[in-house]
Amino acid sequence: MKFMQIRNIAIIAHVDHGKTTLIDGMLKQTHAFRENQSEMNQSTILDSNDLEREKGITILAKNTAVFYKSAAGEDYKINIIDTPGHADFAGEVERVISMADGAVLLVDAAEGPLPQTRFVLEQALKQKLKMIVIVNKIDRRDAEPDKVLAQVEELFLNLVDDDAQLDFPILYAVGRDGKVWDDLPREEVGNAELIAKHPGDLRPIFEEIIRTIPAPKVNGELPFKMQVSTLDFDTYKGTYAIGKVTQGVVKKGQRLVILNENEKVGEMSVAHLMTSDGLARQETELSQAGDIIAITGAENIAIGQTLAALGETEGFPSINVTEPTLKIRIAANTSPFAGKEGDFCTIRQIAERLRKEQKTNLGLRIEGPEGGSFNVAGRGELHLAILIETMRREGYEMELSKPQVIIKEVDGVAMEPYEEMTIEIAKEFMGVITEELGKRKANLIDSITNEKGITRMVYEVSSRNILGFRSQILTKTRGNGLFSSRFLKYAPVSPALPQMRNGALIATESGTATAYALETIQERGRTFINPGDSVYEGQIIGLRNQQEDLEVNVCKAKKLTNFRSNADFLTVLDTRIELSLEQSLDFIEDDELLEVTPKSLRLRKLHLNKVVRNRQAR
């Protein structure tokens, strides 16, 4: 059987720098789809998850493959690994990067390298991957490719531990148009109309991958061995164990041993053997050394385990991922509305779903159940929010506590995580940012304003102190600005901040909210509910315009009389505040909970009864 030459590459970038769009072009220009297939008219094809499409980010690492005939007439199979660009999904990057032999670093020609660019590049350089740098979006009006390239070179200087890693090719691209150039088309930079007319396609990147990225260093004569880097599930074929064949070959029907490092934990038979072809998987009888394959036949397989030929006793070291920094308590819903909107409401059902998630989500740590709840730890607010939103859409009902940072003890000293936060904002909003981060005890590390009046500020701040920052600042800056952060270090715990938000408006009785009651209440704050909504005692129905909580009766109806006036028909209510899941998690305090159902997000007090709350407060 004749095998193709293989290249395995990871595409790495900060969020929204055009990584998934570039992969779309690579799939289309190598004819991975027929001309009449719907994918030819789609964008962000690999972001197939609903949440990925809604949020515009890659959450799950995925692999695909394209076939390319080089300028020299040789056939190549290029396995492409799409990695998340957000540091909250570090576990996804860390578990799949080992499958690659090289990486393409994509950087926006206007924004330059941002904190998560640094994070993903750091992971690639640790693996000693050969790098190709692409300066993307050179058609942006504010594109500065030369300045950005200098920033990229400085980033490499700070991260490499081998001078050979400083030698990398540079390409320029407009990924959205499927064009890459070896040399910068200087006359057209920043002019989208001229760039659109400039001839180009993606052949330069394919040729550079063949030249720069080495073929997998594998020995096809040795017994088969592969580390499981990711798992997938199929109703008909069961669990897919996906990884790169690091030595030997495997046949369909072959018996394999399953190893946890050097400990044998079981055996399996290869039921199905598959390789990637575009977005599809094609069944094959024999694998190729160095290729990325999917194997079925073992239901109880785990990421990091080694599949090997019978008789092999040495497995690969387990995949180590960065420790979580944030935790949240998840329990069965205990509100008066429990069980009315969800399909899976018990702690046993929640436990089964969390254990299933833990198999594929390496960055997650789950402890419990303790007292009927689980402590779930992740890399950040977004990491945990994506898990909860996914469960919610699957029909789960639960209640959540306020997120808490994970405190470590080092040499008897309590330590908490610190982050480096980078903010790009128009000059007129600098005061708002400075004031808000000053309250949160953040230290300004660097501040640069460019000729366009955009300021980039870099802060060092405790992870605990920026919980809730993003939602507050987006409101105060009217949605302007870019915010990103990366884990920096653990440092001694700083003094706790006072409550940053105003008090809550709390329902005093259960029933249906009335327009009459809400009209009076809106003078005291902003509400989260509409007339006609069902509420219960202890539910938070709004945000007060003062610091203390206030109990209000939202079910109060107007007394009926024989008198009529125009006032009866002129009830004018402000638009309610609609909080997203992330904003709701940011909002709640230590004595509050978030009730999550497939249809609703409700904020409530931990103790619903006012008498019990007062007793606990003493």
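What are the extents of the Cα atoms of segment 151-295 along their three principal axes, listed from largest to smallest and rounded to whole Å?
Computed over the Cα atoms, the extents are 61, 39, 26 Å.
Taking Rh as the Kirkwood radius, which is the inverse of the mean 1/r over Cα pairs, what is the Rg/Rh value for the chain?
With Rh from the inverse mean 1/r over Cα pairs, Rg/Rh is 1.01.
With a point put 7 Å past each Cα toward its Cβ, work out how far residue 170 is from residue 147 in nm, to one decimal.
1.5
Counting only protein heavy atoms, what percent of the accessible surface of the chain is carbon or sulfur at a 1.4 Å probe?
The value for the chain is 47 percent carbon and sulfur by accessible area.
Please report the orientation-averaged projected area of segment 191-251, defined via the convex hull of its C-alpha atoms, in nm².
8.4
Using packing as a proxy for protection, rank 422-429, 323-330 so that the peptide with the highest average count of other Cβ atoms within 10 Å comes first.
Result, highest mean first: 323-330, 422-429.
Please check which bits of segment 410-434 a label hung off residue 154 would reach, taking the label as a point 7 Å along Cα-to-C-beta and the cut-off as backbone N under 19 Å.
420-425, by backbone N distance to the label point.
With +1 on each Lys and Arg Cβ and -1 on each Asp and Glu Cβ, how big is the dipole of segment 181-292 about its Cα centre, in debye rounded to the nearest 20?
The dipole magnitude comes to about 560 debye.
Please give the charge dipole size of the chain, origin at the Cα centre, charges +1 on K and R Cβ atoms and -1 on D and E Cβ atoms. Round to the nearest 20 debye.
Charge dipole of the chain: 1520 debye, to the nearest 20.
Counting Lys +1, Arg +1, Asp -1, Glu -1, what net charge surrounds residue 312 among other residues with beta carbon under 15 Å of its beta carbon?
Charge balance near residue 312 sits at -2.
Hey, which of these cross-link pairs are over 30 Å Cα-Cα: 264/489; 147/408; 340/402?
The pairs that break the limit, which is 30 Å between Cα atoms, are 264/489; 147/408.
Using a 1.4 angstrom probe on the protein heavy atoms only, could you order 106, 579 from most to least accessible area?
579, 106
Reported to two decimal places, what Rg/Rh ratio describes segment 383-521 when computed on Cα atoms with Rh from the Kirkwood expression?
Result: Rg/Rh = 1.06.
Any of 62/599; 28/69; 359/599 with alpha carbons more than 19 Å apart? Name them for me.
Violating the 19 Å Cα-Cα cut-off are 62/599; 359/599.
Compute the signed sum of charges (Lys and Arg +1, Asp and Glu -1) over the other residues within less than 15 Å, Cβ to Cβ, of residue 434.
Charge balance near residue 434 sits at 0.
Going highest first, how would you order 384-392, 212-220 by mean Cβ packing within 10 Å?
384-392, 212-220
For the chain, what does -39500 (n - 2.57) per DSSP helix run (n ≥ 4), summed and divided by total residues, give at 222 nm, in deg cm²/dmol to the nearest 500?
Calculated from helices alone, the mean residue ellipticity at 222 nm is -6500 deg cm²/dmol.
Let's test the formula: R0 of 30 Å, r as the Cβ-Cβ distance of residue 341 and residue 548. What FRET efficiency results, to the nearest 0.05?
0.45
Return the inverse of the average 1/r over all pairs of distinct C-alpha atoms in segment 432-498, which is the Kirkwood hydrodynamic radius, in Å to one decimal.
The answer is 13.2 Å.
The values are calculated or read from the model by the stated rules, or taken from the named source; none is laboratory data. In this text the structure is predicted, and so the values were computed from the model without any measurement. Backbone-built Cβ (ideal geometry, glycine too); neighbour counts: all protein chains shown. Protein only, heavy atoms only, side chains kept; ligands, DNA and RNA dropped before computing areas. Shrake-Rupley method; radii C 1.70, N 1.55, O 1.52, S 1.80 Å.
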